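Below you'll find the structure, written out as structure tokens, and then a few comments.
Values in this text are rule-based calculations from the coordinates and carry no lab data. Quantities reported herein were computed from a predicted structural model and do not represent experimental measurements. Cβ placement follows ideal geometry from the backbone for every residue including glycine, while neighbour counts extend to all protein chains displayed.
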């Protein structure tokens, strides 16, 4: 069979190919390229260090150069109480990573990063670190044993349903991560379905709500034993809105278009003024659960 | 009675003061209702008589719509309704002079004694164009005298003269040439009227709503010009009888069929062949019209394709039968059925597979005209309309002897009842009232899979229903010689699954005659739209879904004001109009950034997708000026249209909540259409169009950025792992303008009268100077040692395309 996607677009493509022609566009003024600093950092009181990247953007048209290194930069970080200044030279075109160890991230405080380079480019972003809350994480598990119809092995399916209670009176944004810790075996991990990677309490303020279930499979007896005697570790990231907006836009961007030139473009969210990028923060509520 | 010129009426009890002697109307404190209904009753003179009847085409007996019926001595008149009926009630008179005029027909004048009710049915004869080079003082209908504004009538004959792509005559392509109407992409039949989307147009064929008006992926419309009698586009100033869409009403009526004698016409073009037969079943009582069209490329190519066979065809079929029970009752039954089908057959020793698309519309309308009195006309319609789109895959594994079948389909089905009355108490009032109720059955998606190879079976079919209703009252009031008002009110109601909506929609159009042939017009219309089209591609393709208003997705709403001037140049048979409009739309459906509804990619996933999650509601503003210079008679006919317009949108979740230009926001739009009858045998035609390029988002730069992927070690400590992603900096949405669109089409028709009838050869050239207009752009990178270059590429569709067609009629 022809793949679904291809065969159903054949008539449209045929129509276009029969009659269409392609040429370079030379008579229009293309968008100007404006060099900007690209800043990204995700901070949390739960993280041991602040990690941020500082790079430059690159042009889309004309002769394509690798991004210019930011060069000599001054980085100013403020957590609402303390200030740190870092002067450094970033010479790589990409992935200029900076680790800041002596700057605590404080929940409930605003955090600001400003980067200036020797060429006069600057980028500035701030975020408000969420206050750590207890979201009353609850877990319900269901285990189903069945026989693998192909190999005859016993198969174990472990379904995990996670419930949380939203903190009332404020907008909350979440990200859920679940892992299992087994004894003597490799770690199994699972992510909620795509739609639940980041989510908000919109319409559910203060309410208890059940997140989609996550399912772990194990095809072998020894794995089942490990799963049965393992711990589930549930981490609920309580994020700020930029974190949510950025990851939503990232998911949209990854899934957009399907090759359709008429689909709406999906720009990435940015909260960096003068430049582009993201500064976002979160706190973590967690639960360790013994699988029975 | 409020007479035609000097009005001095004082009903102090009601606090009405009208003084027209000094052109001053002091105050109105009573409601419109009192004015429209109580006043005419008070003002009836003692002896009044009515002259009424039907106006028909002499040759065919076809009723004529919008014919001007004018009483010269009284300086009052009316126009025939959709069924050719007119009625004028006047004080008795020894003699009246009645003038019947209609574009393209010889004017008829009757001198009559008016001492009793008269029934006068009139047969108009078509005029011979060449004999009308000298325009006489014969009174034709003038736009400056009509209260209608933002409305354009097209004659099917005009449509047939305009040169088009591959020579296929196309109503919608001609509509696109009118000011205020823009096409979407190259070749598309989609209409964008005053900043509205293609789903905001109410397209009606014999009272039935047509949901998808396209053949061949949008390149041709499904209306066969041979079967059409009238085409009217309303862009604003909507009378209260219309509702359910925000931006336009395109009302088309099919011919009834010749009541006198049998006739046929047809033709062969590069794309399709068509034939129409019409004639009397019972002379002057019952007639029938049958009209069909079909592409033939698949039939011609079929013998040359063996193992693999790609097939595409479309066809449409119109039929209408009517029966005249006498003066009081008439019955019409009409229908349309059309289908497009694409299939790809693969036959090998191992497999047999048939994959394809099909989509189509079907409509059916049963109408009953009843004349209660010579002033009260009614029509009752029962209407069915259906649109469906499907994808299928039939697969047979020869060795395994097993089948696979999958089908995805969506559609909408309507069952409607509509009742309208026209009441003509006197020449000052034409009252229309009625109601309509539509039961919509939506099928946003259905997926059926029977897989005997993997022993799998899926049947996921979703239906959603809604009931859309409207009740209206409108009056075209002619209180003064210089003033005409069409005021009305519509109450609309929609029953969604979990919620009901209802709105009152006031409508008003006013025409003030500043001098002879020169009028100032203004209008206001409030509209609501309860069903929406979700576009998969932005191209108005057949994969678009119709969905209802829900508790989450509210009705779209608009309020539009327009102000214009109309000048008729009677001597040269020219009409010039200029209109300014401002339209504000709310709860407009938009797509969240990156949203796609391309269900064809994976119907399984599509079934899981909830369209409500992918749309967002916002606001839109459209404003501009339209200029139109028209010439409808003589050797040279046509028009010059120019539109200067702006369309902006704003959605909370698009473009970070900031306003942006709509994709088809077109600052300048020009169209010139000309037909010149060189002789009895030769007609020349040409069109030239120019439009500002579409607004799109184009990224000038990109960047690498990290995304957060938190991880945890065995001691539950969190650590960051930054992913690496490419981001594109688009700046503000839709700030890049594509290259402007312009194109010249020329055509020449050779007419010859034969013993059996008339034949026409037409040679036309689409895009004469081979302008490569942009269809879409894409970015690409090319490597030229040692460097890489980023380049913007343009894809164009249609180069210069000559075509030839042959038509006949007898």
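Numbers at a glance
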| item | result |
| --- | --- |
| Kirkwood-Stokes translational diffusion coefficient of the stretch B:253-696, alpha-carbon pairs, 37 °C, 0.692 mPa s, µm²/s | 125 µm²/s |
| Partner chain coverage, peptide A:38-44 - average Cβ within 10 angstrom | 5 |
| Residue-averaged beta-carbon neighbours from other chains (10 angstrom radius) around B:344-351 | 1 |
| Estimated FRET transfer efficiency when R0 is 41 angstrom, pair residue A:92-residue B:770 (beta carbons, to 0.05) | 0.25 |
| Full-stretch length increase - residue B:500, residue B:725 - with 0.36 nm per residue and alpha-carbon distance subtracted | 76.5 nm |
| Residue A:33 paired with residue A:202, simple spin-label distance in nm, labels 7 Å along Cα-to-beta-carbon | 3.7 nm |
| Shape box of the stretch A:37-129 [Cα atoms, principal axes, largest first, Å] | 46, 22, 19 |
| Label point 7 Å beyond Cα of residue B:439 along Cβ direction - residues of the stretch B:384-420 with amide nitrogen under 15 Å | B:384-386, B:413-418 |
| Three-way shape call for the stretch B:460-522 based on the alpha-carbon gyration tensor, with the a/c threshold at 1.5 | prolate |
| Descending semi-axes in whole angstrom, ellipsoid equivalent of chain B, from the Cα gyration tensor | 48, 33, 27 |
| Potential lengthening between residue B:459 and residue B:155 on full extension [0.36 nm per residue; Cα-Cα distance subtracted] | 104.6 nm |
| Fully extended contour minus Cα-Cα distance, from residue B:467 to residue B:127, at 0.36 nm per residue | 117.8 nm |
| Computed over the stretch B:161-291, Kirkwood Rh from alpha-carbon pairs, angstrom | 16.0 Å |
| Estimated FRET transfer efficiency when R0 is 22 angstrom, pair residue B:97-residue B:58 (beta carbons, to 0.05) | 0.60 |
| Per-residue Cβ neighbour rank within 10 angstrom, fewest leading, B:549, B:310, B:575 | B:310, B:575, B:549 |
| Relative contact order of chain B, defined on C-alpha pairs under 8 angstrom at six or more residues apart (%) | 10 percent |
| Inter-probe distance in nm under a simple model that places probes 7 Å from Cα toward Cβ, at residue A:63 and residue B:347 | 5.9 nm |
| Residues of the stretch B:679-708 with amide N under 11 Å of the 7 Å Cα→Cβ point at residue B:635 | B:679-680 |
| Cα gyration tensor, the stretch B:184-253 - rounded (a/c under 1.5), prolate or oblate | oblate |
| Label point distance in nm, residue B:514-residue B:451, each placed 7 Å from Cα along Cα→Cβ | 7.1 nm |
| Shielding by other protein chains, A:115-127, mean Cβ within 10 Å | 0 |
| Euclidean distance between Cα centres, the stretch B:231-262 to the stretch A:72-132, Å | 65 Å |
